[in-house]
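Chemist: The structure follows.
Every number in this text was worked out from the coordinates using simple rules, so none of it is lab data. All of these numbers come straight from a predicted model, not from anything done at the bench. Methodologically, a virtual Cβ is constructed for each residue, glycine included, from the backbone with ideal geometry; neighbour enumeration extends over all protein chains shown.
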Amino acid sequence: MLGPVILAASRSDKMRRLVSAAPVTKPVVNRFIPGETVDQVVPIVTDLTGSGLEVTLDVVGEDITTPEQATAARDAYLELIERLKPLGLGTKAEMSVKLSMFGQALENGHELALANVRPVVEAAAAIGTTVTLDAEDHTTLDSMFAIHEELRKDFPQTGCVIQAYLFRTEEDARRLAANGSRVRIVKGAYKEPASVAYQDKTEIDKAYVRILRILMEGEGYPMIGSHDPRLIAITQELARRAGRKMDEYEFQMLYGIRSDEHLRLAAEGHRMRVYTAYGTDWYGYFMRRLAEKPANLLFFVRSMITK
Ligand code: FDA
């Protein structure tokens, strides 16, 4: 019940100002977003990869309003890649990007986002790693998939994300599973209307399994983005049935959520990638984490009251 209300608030500027300015917000935010600067995140990358985990790094930010902000986003990723270079981690540290942060919603946004993301993908390839295009709300996806296809002509390792809650996704999965691409499957984190998306959790879970089967039986590289213990177990079973070895798919979870499970799966020999977001514009990302688990909101509110 609370989830949709929090998701609506995630798009409110008034709430953004209120939550971002509250001094008590910081410790709660840090659980999900461990730093604001590249200097703070690099040691975290070293720690995580030192524990046998892999990472995907997201410089938080979305819904920008000027082309200059899009250029700044590009530069933030380029700086990050420059800082990762001496670590020599290759694909153990990849990047996740939101095209809205690269200007997708601005005038000529499709071209602008492509022009801004391409140098990031190039720089990532130059240090032996890759980029995954996150999935945002459904109105942005045709453009995201077209940019993904364009980038893959030169950088076939470029990944993308599909969301189980959308009716369109089984079809997208079929197309993407056919040509060796890296595809992250997630449940979906945005507030979507009933005309395009399942609203019921059980329906979303069932769709997730159908899509997972398509990906596992296909020729791509499935990346399972979920903390759901049932889906983790189903993934292992479907991978076994499809004859996939442990390095022919990977699990992905968010930083700060079920961290013991990250280590458990890695210790079993699985590839486990931790999605690690950092930066100052954390509001939208943080609110989606609250919406996924209303208990997080109670924790947040309690910390405001007891301070
Ligand atoms: P579910 O929400 O059912 O959670 C299962 C269990 O995990 C919960 O019972 C709880 O224990 C734990 N859990 C889940 N979320 C939690 C939270 N916020 N706080 C505390 N515990 C929590 N979405 C999107 O639309 N576009 C994208 O590009 C991405 N990218 C992405 C990358 C990765 C690596 C992950 C893991 C997820 C995303 N998502 C995303 C988010 C995704 O759509 C979804 O909202 C969350 O993963 C929550 O769904 P689960 O599959 O974890 O199941």
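Chemist: Please report the relative contact order for the chain, taking Cα pairs under 8 Å with a sequence separation of at least 6, and give it as a percent rounded to a whole number.
Modeler: Averaging sequence separation for qualifying contacts and normalising by length gives 25 percent for the chain.
Chemist: Beyond 32 Å between alpha-carbons counts as too far, so tell me which of K85/K191; K14/K153; K26/K245; K26/K85; K14/K85; K85/K293 fall in that bin.
Modeler: The answer is K85/K191; K14/K153; K26/K245; K14/K85; K85/K293.
Chemist: Cβ neighbours within 10 Å, averaged per peptide: list 93-106, 168-181 in order, most packed at the top.
Modeler: 93-106, 168-181
Chemist: L254's amide H: which non-local residues (gap 5+, or another chain) put their own amide H closer than 5 Å, with H modeled 1.01 Å from N in plane and none for Pro or chain starts?
Modeler: Answer set, sorted by chain and number: Y275.
Chemist: To the nearest 20 Debye, how big is the dipole of the chain about its Cα centre, given +1 on the beta carbon of each Lys and Arg and -1 on that of each Asp and Glu?
Modeler: That gives a dipole near 1000 debye.
Chemist: Sticking with this one: Hey, what number do you get for the chain at 222 nm if only DSSP H runs of n ≥ 4 count, each worth -39500 (n - 2.57), divided across all residues, to the nearest 500?
Modeler: -16000 deg cm²/dmol
Chemist: Y221's amide H: which non-local residues (gap 5+, or another chain) put their own amide H closer than 5 Å, with H modeled 1.01 Å from N in plane and none for Pro or chain starts?
Modeler: S181, R182, V183
Chemist: Oh, and also: Please report Rg over Rh for the range 34-281, where both radii come from the alpha carbon positions and Rh follows the Kirkwood definition.
Modeler: 0.94
Chemist: Next question. Would you mind ranking S259, S226 so that the residue whose beta carbon has the fewest other beta carbons within 10 Å leads the list?
Modeler: Least to most surrounded, the residues fall as S259, S226.
Chemist: Need the C-alpha centroid separation for the range 180-230 versus the range 42-71, integer Å.
Modeler: When both Cα centres are located, 23 Å separates them.
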